[in-house]
Amino acid sequence: MFIETVPNRQSPPAVLLRESFRDENGKSQKRTLANLSKLPGHVINGMKALLKGGQVVGTGADGLRVERSLPHGHVVAGLGMVRKIGLDRLLLSTAKDAQSRRHCDLVVGMIVDRLVTPRSKLGFTRAVNAETACSSLGAVLGLGSVAEHEVYAALDWLGDQQRRVETGLARRHLKDGTLVLYDVSSSYFEGRRCPLARFGHSRDKRRDRPQIVYGVLCTKQGLPLAVEVFDGNTADPTTVSAQVDKLKQRFRLSRVVLVGDRGMITTARIRDDLQPAGLDWISCLRAPQVQALARDDGPLQLSLFDDRDLAEVESPDYPGERLIVCRNPELAVERGRKRSELLEATERDLARIQQRVGRAGRPLNGAAAIGQAVGAVIGRRKVGKHFKVTITDTDFAFERDHAAIAAEARLDGIYVIRTSVEADALSAGETVQAYKDLSRVERAFRCLKTVDLDIRPIRHWTEKRVRAHVFLCMVTYHVEWHLRQALAPLLFHDTDLDAARAERASPVVKTEPSQSAKRKKARKRNASGLPVMDFADLLSHLGTLAANTMVAPLQGKHTFTLYTRKTPLQQAAFELLGFDPVRVQ
């Protein structure tokens with residue numbers, strides 16, 4: 001049987017239920033069984049679907065219903081990018097055994113889950129098991145039932161693959177002569193059982209907690225390629241030698257320019273590590289070194305900046321190096337403001353000590369006691385060099401050292417880039433920009449620690465698993481970096497940054513946002529009229545694309561998956577990513 005629509009001149013067409021048959025001569029014929037013209041259109045469409053082999057869906061309690069709905073879009077965005085950049089293949093490499101494949105699937109699941117919602121390994125186990133799933137991740141990866149011990153075994157397996165994976169990433173993104181950014185950060189521990197956890201210089205302002213130190217190697221665009229974990233009391237410069245060995249021995253790069261800050265690439269590191277390895281460097285001089293160059297007979301004279309903000313000088317103290325002197329007026333104003341506020345705050349604290357010394361009842365006396373109180377105040381803000389202090393057993397006086405303040409203020413806004421790279425390979429402006437690109441590593445640390453991936457709290461205490469956890473976070477940020485690049489038109493990112501930099505009068509000055517970035521920020525929409533937002537909010541919106549398990553009870557509890565219709569923003573996002581969220585399996 002079939003339904004046929006027959007034109008009826010000026011009248012509405014006739015809708016007829018017909019069947020085919022063969023007459024006595026064997027010819028195909030058809031006859032009308034019923035006239036359906038007066039039935040509603042949706043009923044006719046339903047009958048057509050039934051006649052084509054479709055299923056009957058009842059109404060009410062027996063009708064089609066949603067058995068379960070799981071967030072899906074953000075999962076396939078992360079998983080699709082993992083597969084697009086071939087990270088899963090790099091993790092697995094040539095391993096063919098079932099156990100390695102299982103470990104790889106779990107590691108990919110942990111990467112995507114940390115990208116979506118950072119949580120503990122136990123939390124991941126609950127998030128992917130069918131009974132307690134909070135997204136479609138477990139189903140999409142086909143993980144089945146996941147036990148907690150499997151997750152820890154997969155984390156251990158990932159730690160064993162770190163050297164090989166980092167080498168593979170370096171082979172993809174680094175080549176001889178390239179710039180490599182390097183910086184270190186730290187994260188504190190709540191417990192005390194980890195052998196790596198030590199008290200040291202805390203960048204988290206938690207000097208009451210032990211910590212670990214980790215250094216990250218990035219491309220000049222800020223894409224992380226390798227991470228190394230050190231004891232929490234490791235000084236920044238001592239981590240450089242390990243990176244030199246990594247670049248030369250593991251990555252087999254003969255010519256690399258290592259970019260690091262002034263506290264990292266010191267004169268001692270250059271002499272002991274970089275020069276023997278044949279590596280070039282870009283760094284910056286410390287304040288005392290700049291002051292030495294600015295002596296009356298030194299090469300750094302302020303007259304250099306009468307009509308420019310960048311100049312190259314030479315000094316016998318830095319043989320074979322180029323010194324690029326920069327003066328940033330905005331930085332000068334900021335340093336002056338900060339110094340003034342620190343001096344005023346310190347003066348207020350010193351005045352309180354002065355009152356304690358001079359009060360009638362229970363005064364603070366004794367040169368040692370007064371000196372201890374004064375030292376704590378001056379050392380807190382590191383401005384002791386700007387005060388003249390007189391202490392006796394019964395008196396305390398202080399005043400600003402205006403000569404010292406003026407000497408320091410004279411060099412406000414001035415910094416000196418030092419590099420071994422020849423001018424014909426890297427101009428002065430390009431060298432300055434390369435050093436300023438270290439901010440991209442700092443952005444990576446922010447994402448790792450607080451913004452997106454939450455490297456803390458570190459819920460492991462064995463050395464191997466702490467290292468593997470930090471590596472997992474770095475690999476996750478590697479995926480996030482690629483996602484941010486692809487989704488940039490829907491984020492507040494400046495997609496015309498290179499053009500904006502080219503329009504600057506000098507590489508020393510701050511890069512102003514491009515006109516397109518200003519419009520996005522003002523209107524909260526891009527050129528296509530779509531909303532723009534930060535990365536976390538966009539990922540959350542993608543998560544509202546849900547995978548719904550549908551049940552039709554009248555057909556033996558037949559189930560199927562029905563995905564919600566993509567919003568215009570979700571449609572645009574997956575077009576930028578270059579894959580269909582329904583087909584990422």
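When the convex hull of the Cα atoms of the range 124-215 is projected onto a plane and the area is averaged over all directions, what value comes out in nm²?
For the range 124-215, averaging the hull's shadow over all directions gives 9.5 nm².
Assuming R0 = 51 Å, can you tell me the calculated FRET efficiency for the pair Glu19 and Ser145, based on Cβ-Cβ distance, to the nearest 0.05? It comes to 0.50. For Glu312, the amide hydrogen comes within under 5 Å of the amide hydrogens of Val325, counting only partners 5 or more places away or on other chains and with H modelled in the peptide plane. Between Ser439 and His402, the contour length at 0.36 nm per residue exceeds the alpha carbon distance by 9.9 nm. 3J(HN,Hα) along the range 422-428: 5, 5, 6, 8, 8, 5, 4 Hz, from the Karplus curve 6.51 cos²θ - 1.76 cosθ + 1.60 with θ = phi - 60°, whole Hz, x for Gly and Pro. In this calculation the C-beta distance from Thr462 to Glu575 is compared with R0 = 41 Å, giving a FRET efficiency of 0.40. If the segment from Asp454 to Asn233 were pulled out straight at 0.36 nm per residue, it would be longer than the present Cα-Cα gap by 77.4 nm. Label sites at Phe492 and Glu512, each approximated as a point 7 angstrom past Cα along Cα to Cβ, lie 2.0 nm apart.
Shape class for the range 44-179, computed from the alpha carbon gyration tensor (a ≥ b ≥ c): prolate, with a/c not under 1.5 and a/b above b/c. Rounded to the nearest 20 debye, the dipole size of the chain about its Cα centre is 2000 debye, using +1 on the Cβ of Lys and Arg and -1 on the Cβ of Asp and Glu.
Counting only other residues whose beta carbon sits under 13 Å from that of Val256, what net charge do I get with K and R as +1, D and E as -1? Here the count lands on +3. Sequentially through the range 153-166, phi angles give Karplus couplings (6.51, -1.76, 1.60; θ = phi - 60°) of 5, 5, 5, 4, 4, 4, x, 5, 8, 4, 4, 5, 5, 4 Hz, Gly and Pro residues having no value and appearing as x.
Between Ser120 and Phe2, the modelled label-to-label distance comes to 6.4 nm, taking each label 7 Å out from Cα in the direction of the beta carbon. With all protein chains kept in place, the per residue accessible area of the chain amounts to 51 square angstrom at a probe of 1.4 angstrom. Here the range 338-464 was treated as a single set of alpha-carbon atoms; its pair distances binned every 10 Å from 0 give 10, 23, 18, 21, 20, 7, 1, 0 percent.
The slack in the chain from Ala95 to Lys521, taken as 0.36 nm per residue of separation less the alpha-carbon distance, amounts to 148.6 nm.
Put a dot 7 Å past the Cα of Ser11, heading toward its Cβ, do the same for Ala425, and the two dots end up 9.1 nm apart. Taking 10 °C and 1.306 mPa s as conditions, the range 416-575 diffuses translationally at an estimated 80 µm²/s according to Stokes-Einstein applied to its Kirkwood radius (Cα pairs). Out of every Cα-Cα pair that the range 493-585 contains, those further apart than 20 angstrom amount to 57 percent.
Along the range 464-469 the Karplus relation, 6.51 cos²θ - 1.76 cosθ + 1.60 evaluated at θ = phi - 60°, assigns HN-Hα couplings of 4, 6, 5, 4, 5, 4 Hz to successive residues, with x for each Gly and Pro.
For the range 324-467, the residue among Ile324, Ile405, Ala425 whose Cα projects farthest onto the positive side of the dipole built from Cβ charges is Ile405. Estimated from the Cβ-Cβ distance and a Förster radius of 56 angstrom, the FRET efficiency linking Thr390 and Arg252 is about 0.35.
Shown here: the chain, whose C-alpha atoms stretch 126, 57, 54 Å along the first, second and third principal axes, sorted largest to smallest. Electrostatic tally near Ala527: other residues with Cβ closer than 10 Å to its Cβ, Lys and Arg +1, Asp and Glu -1, net +4. With the dipole of the chain worked out from charges on the C-beta (+1 for Lys and Arg, -1 for Asp and Glu) around the Cα centre, which of Val229, Gly298, Pro13 lies farthest toward the positive end? So the residue we want is Pro13. Surface composition of the chain: carbon plus sulfur atoms contribute 50% of the solvent-accessible area (1.4 Å probe, protein chains only, all chains present).
Amide H contacts of Phe230 (H built 1.01 Å from N, in plane; Pro and chain starts excluded): Val213, Tyr214, Gly215 sit under 5 Å, all sequence-distant by 5 or more or on other chains. With all pairs of separate Cα atoms included, the range 427-494 yields a Kirkwood hydrodynamic radius of 13.9 Å.
The values are calculated or read from the model by the stated rules, or taken from the named source; none is laboratory data. The structure displayed is predicted, hence computed values, not measured ones. Neighbour counts run over all protein chains shown; Cβ positions are idealised from the backbone, glycine included. Surface accessibility is based on the protein's heavy atoms, side chains included, excluding ligands, DNA and RNA. Shrake-Rupley method; radii C 1.70, N 1.55, O 1.52, S 1.80 Å.
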